[in-house]
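First up is the structure itself, then whatever we jot down about it.
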């Protein structure tokens, strides 16, 4: 089946085509043409034609690769009051995400290949997103013994039909035992996939700060900073790929930048270091948390930090220290947020928040990055990091790539109203704020899976 997308501003990490047309055949991009090279004959036999000029009254809508999320919580199985696989999938495509890596802190914990494969099969049946559940490092996420990761086939030569995760992670519970953590890292190296480290193990220093009555903003910073140094050191010893989740402090950024600078381009050690940042940490500070309630609606792990931390994160996005923007989508029921559950629902505001903060000129301000760089952070870079790039992959708008695409109106602003979200969790720190960048359509494999109303 042929689908034609015409009269769009086409953007990916290396393309900025103000007037472009994309041709899709059976879910694969077959051509990208400027309007000047596009003829009516090319759309005559198309089953579907989407004309950008009919979607927006102003400038041509922007056509980008659909976003790839390295870090989300689907809450399924076990927490239907927070989210289900179906509601999370719909929320993801409403935010422009077609590929999502979801964490293992469900009930029961995703600690076996069979559990992960079962969730992926259910998501494939729903048909909205390409979901890749991580497998926890330890059984039940109890930190005592390795989970079934030793049975996972190497990514380079998987058994036919076997499920191979794109990442491993203990979610927000870095292993306290160095020996066990190294064993898990060695397994990750054998499989050929990263370990996503949430960096919350602060050791004796953090525990002392807690016992002395220091606030969360103090001891959580100690936890993150100490844990970042620790996982980098262990990762070097194991020679594996360490991916640091939701970086939030200026000290963590400095440690990551220093470790990246030390690594020799032609090193055979196998050590690779990447990291991600969340839109809420790029846009908001502890003042927002205080207004929302530091121990309720404003609580998130890691915490919203100081303005100097936020600026350090933005700088790290600009200089390339940060590799990707992820969501850490963490929906909760209203009752759970009131009781102090950490996390924000993030799929449906991720692009708009990042675009407004980083790439939109507001009141004459100069954007800190362009749309190409933003596309790279949301699509090409996370796809590459997860091993999903290249021919037949995703994250770029090139012939031979999957037609996972998102159409956004960058001129459209809206006041964030969580009650309009598709997710069951209405816990957004952006509630009531004006954000630019509306997702109009999301296509997975050339098929429309979301259309805004």
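Bear in mind that the values in this text are calculations on the coordinates, not laboratory data. Owing to the predicted nature of the structure, the values given are computational and were not obtained by experimental measurement. Cβ sites come from the backbone with ideal geometry, for glycine too, and all protein chains shown count toward neighbours.
The C-alpha atoms of region 369-453 occupy a region whose extents along the principal axes are 41, 30, 25 Å, arranged from largest to smallest.
Taking each DSSP H run with n ≥ 4 as -39500 (n - 2.57) and averaging over every residue of the chain yields -8500 deg cm²/dmol at 222 nm.
Measuring r between the beta carbons of residue 51 and residue 414 and using R0 = 30 Å, the FRET efficiency lands at 0.85.
Entry note: region 319-406 has Rg to Rh equal to 1.07, where both radii use alpha-carbon atoms and Rh is the Kirkwood radius.
Per-peptide packing, taken as the mean over residues of other Cβ atoms within 10 Å, places 24-33, 353-362 in the sequence 353-362, 24-33 from highest down. The listed peptides 83-94, 40-51, 375-386, ordered by packing as a protection proxy, come out as 375-386, 83-94, 40-51 (highest mean of other Cβ atoms within 10 Å first).
Calculated on the alpha-carbon coordinates, the convex hull of region 65-385 measures out at 134 cubic angstrom per residue. Label positions at residue 121 and residue 362, each projected 7 Å from the Cα along the C-beta direction, are separated by 4.6 nm. Any idea what angle helix 85-94 forms with the longest principal axis of the chain, computed on alpha-carbon atoms, 0 to 90 degrees, nearest 10? Between helix and principal axis, roughly 50 degrees. Ratio of Rg to Rh for region 198-249: 1.05 [Cα atoms; Kirkwood radius as inverse mean 1/r over pairs]. Could you give the angle, 0 to 90 degrees to the nearest 10, between helix 216-238's Cα long axis and the longest principal axis of the Cα atoms of the chain? Taking Cα atoms only, the helix is inclined about 90 degrees. In region 65-385, the DSSP beta bridges split such that about 5 percent are antiparallel, to the nearest 5. In this rough spin-label picture, where each label sits 7 Å from Cα along the Cβ direction, the residue 268-residue 338 distance is 6.2 nm. One chain, two ends: residue 211 and residue 107. Fully extended at 0.36 nm per residue, the span grows by 34.4 nm beyond their Cα-Cα distance. What is the ratio of the Cα radius of gyration of region 20-71 to 2.2 N^0.38 Å, where N is its residue count, to two decimals? Against the empirical 2.2 N^0.38 Å value, I get 1.32 for region 20-71. Computed over region 145-263, the P(r) curve from all C-alpha pair distances, binned at 10 Å from the origin, holds 13, 41, 30, 13, 3, 0 percent per bin.
Full extension of the chain segment joining residue 319 with residue 204 gains 38.1 nm, where the gain is 0.36 nm per residue of separation less the Cα-Cα distance. What do you get for the angle between helix 307-319 and the principal long axis of the chain? Use alpha-carbon atoms, 0 to 90 degrees, nearest ten. Helix 307-319 sits roughly 60 degrees off the main axis of the chain.
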